[in-house]
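The values are calculated or read from the model by the stated rules, or taken from the named source; none is laboratory data. Here the structure is a predicted model, which is why all the values come from computation and not from measurement. Note: ideal-geometry Cβ built from the backbone for every residue, glycine included; neighbour counts use all protein chains shown. What goes into the accessible areas is simple: the full protein's heavy atoms, side chains included, and nothing from ligands, DNA or RNA. Shrake-Rupley method; radii C 1.70, N 1.55, O 1.52, S 1.80 Å.
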Amino acid sequence: MKIVLFNDYKPGLLKGENVVDISSQVEVGRTGQETIVNIINDWDALKPKLETYLASQAGVPLSTVQLHAPVPKPGKIMCMAANYKENTDKPGLPISGFLVSPDAILDPGGTTVLPEYEFTICHHEAELVCVIGKKGHDIAQGDAMDHIFGYTAGVDVSARGAWGYLSKAYDGFKPLGPCIVTKDEIPNPHNLNVRLQVDGQPRQDYNTSDMAHHIPECFEYFSKIMTFLPGDLLFVGTNHQQLGPLQDGETCHMEIETIGGFDFHVSDPYKRSWPKAIDPTTGQMVRGRIEEAAGTAAQASAEVVE
């Protein structure tokens, strides 16, 4: 099923191009986040009831409602760093990640405002996002998928500069949507097409099969450090080969197969600008690091053999 929050944070299910209000069927919380966590926690009992209810309801056109981020205020947002092989045949870089503030979440149709501080360029990074479904700490890879409730789509807006990962953490720098797709609808999250365009210009177009460290390994990595809670998010990383700039007045659209897509807008009070095209710089840098790491590992292996 595809779960959404709409209008005044009512919970709903997508049915084709319509949305069905399920406020009467679930425990509605004081906030949208509380409602989503209630749904996650009660899912085993709710699922058959909601399937029956969904079949009996027509819903209203999706075009007549305002969607919110399906996880509007997660307890934490975990993000993988450089987690793709960048279309090489190499194993990728060592696993690493970072955290950003829950205030970084942005609704579909919202506006990302670029910050005042100086940066070299602001990129889009379209990503698959895991929605945590069960509390866990020190999660073994074999148990990881049991801790997933579903998946959604997100963009890791990245202002390149001297602030490191903090330049990814501004309010509104994590557009998210349009829905949570429950994990039974996506049996293999490591084979999904991810696409992004800016003002209709194609940019990112890759498959999650290029992921270097698969989701179970990512869960193991982060859960050794912190406890996963229902409604937390994990951005699994991006392929950097078709990144481009985001700048004032643009509209960005991203989509992931099965999950769907959403738009968000960009505003820059300082009217900075870059060529409106794919910027290969970061992709070349990440690919170069992968090639270098692979070469170093091969050399070390040869020295051991000798």
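Would you compute, from DSSP H runs of 4+ residues alone, the mean residue ellipticity of the chain at 222 nm, taking -39500 (n - 2.57) per run and dividing by the full residue count, rounded to the nearest 500?
-6000 deg cm²/dmol
Calculate what fraction, in whole %, of the accessible area of the stretch 179-306 sits on carbon and sulfur atoms when a 1.4 Å probe is rolled over the protein chains.
After summing per-atom areas, the C and S share lands at 51 percent.
For the chain, modelled as a Gaussian network with Cα springs under 10 Å, which listed residue fluctuates most, Gly110, Gly288, Gly244?
Looking only at Gly110, Gly288, Gly244, the biggest GNM fluctuation is shown by Gly288.
In square angstrom, rounded to the nearest 10, how much accessible surface does Arg195 have for a 1.4 Å probe?
Using a 1.4 Å probe on the heavy atoms, I get roughly 100 Å².
Would you list the P(r) distribution for the stretch 71-195, with all Cα-Cα distances sorted into 10 Å bins from 0 and each bin expressed as a whole %?
Per 10 Å bin, starting at zero, the Cα-Cα P(r) for the stretch 71-195 comes out as 11, 39, 37, 12, 1 percent.
Compute, for the stretch 155-204, the length of the dipole vector about the Cα centre, with Cβ point charges of +1 (Lys, Arg) and -1 (Asp, Glu) only. Units Debye, rounded to 20.
Working: 6 positive and 5 negative charges, 39 e Å.
The calculation lands at about 180 debye.
If the only charges are +1 at each Lys and Arg Cβ and -1 at each Asp and Glu Cβ, what is the size of the charge dipole of the chain around the Cα centre, to the nearest 20 debye?
The dipole of the chain has a size of about 340 debye.
Can you pull the Kirkwood radius for the chain, inverse mean 1/r over Cα pairs, to one decimal in Å?
Result for the chain stands at 20.0 Å.
Kirkwood Rh and Cα-based Rg: tell me the resulting Rg over Rh for the stretch 71-116, rounded to two decimals.
1.10
Send over a whole-number figure in Å² for the accessible area per residue of the stretch 100-152, probe 1.4 Å. Show your work: numbers first, answer last.
Numbers: 1910 Å² over 53 residues.
Each residue of the stretch 100-152 exposes 36 Å² on average to a 1.4 Å probe.
Among the lysines, which have Cα under 25 Å from the Cα of Lys174 when same-chain residues fewer than 8 positions away are ignored?
Of all the lysines, those that pass the test against Lys174 - Cα under 25 Å, at least 8 places apart if same chain - are Lys2, Lys10, Lys73, Lys76, Lys85, Lys134, Lys135, Lys183, Lys224, Lys271, Lys276.
Going by average Cβ density within 10 Å per residue, which order do the peptides 214-224, 23-33 take, highest to lowest?
214-224, 23-33
Could you point to the residue in Ala153, Phe98, Phe119 farthest towards the positive end of the stretch 95-157's charge dipole, with +1 and -1 charges on the Cβ of Lys/Arg and Asp/Glu respectively?
The residue sitting most towards the positive pole is Ala153.
Using a 1.4 Å probe on the protein heavy atoms, what percent of the accessible area of the stretch 1-99 belongs to carbon and sulfur?
For the stretch 1-99, the apolar C and S fraction of the accessible surface comes to 52 percent.
To the nearest whole percent, what portion of all C-alpha pairs in the stretch 4-114 is separated by more than 21 angstrom?
51
Using only protein heavy atoms and a 1.4 Å probe, report how much of Met285 is accessible, in Å² to the nearest 10.
For Met285, the solvent-accessible surface is approximately 90 Å².
Relative to the compact-globule scaling 2.2 N^0.38 Å, provide the ratio for the alpha-carbon radius of gyration of the stretch 147-306.
1.18
Tell me, what ³J(HN,Hα) does each residue in the stretch 274-281 have, in order and in whole Hz, if you take phi through Karplus 6.51 cos²θ - 1.76 cosθ + 1.60 with θ = phi - 60° and put x for Gly and Pro?
9, x, 7, 6, 4, 10, x, 4
Taking 1 over the mean of 1/r across every pair of different Cα atoms in the stretch 212-294, what Kirkwood radius in Å do you get?
For the stretch 212-294, inverting the mean 1/r across all distinct Cα pairs yields 16.2 Å.
With every protein chain left in place, what is the accessible area of Ile95 in Å² (1.4 Å probe, nearest 10)?
50
How long are the semi-axes of the equivalent ellipsoid of the stretch 141-217, taking √(5λ) for every eigenvalue λ of the Cα gyration tensor, in whole Å from largest down?
Output for the stretch 141-217: semi-axes of 25, 17, 14 Å.
State the dimensionless ratio Rg/Rh of the stretch 202-250 (Rg: radius of gyration of Cα atoms; Rh: Kirkwood radius).
On the way: Rg = 14.8 Å, Rh = 13.5 Å.
Reported Rg/Rh, Kirkwood definition of Rh: 1.10.
How high is the relative contact order of the chain, in percent, with contacts defined as C-alpha pairs under 8 Å that are six or more residues apart?
Numbers: 724 pairs, mean separation 67.9, N = 306.
It rounds to 22 percent for the chain.
In whole angstrom, how far apart do the alpha carbon centroids of the stretch 277-297 and the stretch 1-75 sit?
What the calculation gives is 41 Å, centre to centre.
List every residue whose amide H lies under 5 Å from the amide H of Thr251, counting only residues 5 or more places away in sequence or on a different chain, with H placed 1.01 Å from N in the peptide plane.
Asp199
For the stretch 206-306, give the magnitude of the charge dipole about the Cα centre (Cβ charges: +1 Lys/Arg, -1 Asp/Glu; no others), in debye to the nearest 20.
Using only the charged Cβ atoms, the result is roughly 300 debye.
How long are the three semi-axes of the equivalent ellipsoid of the stretch 128-172, in whole Å, if each is the root of 5 times an eigenvalue of the C-alpha gyration tensor, listed from largest down?
Square roots of five times the eigenvalues give 28, 13, 9 Å.
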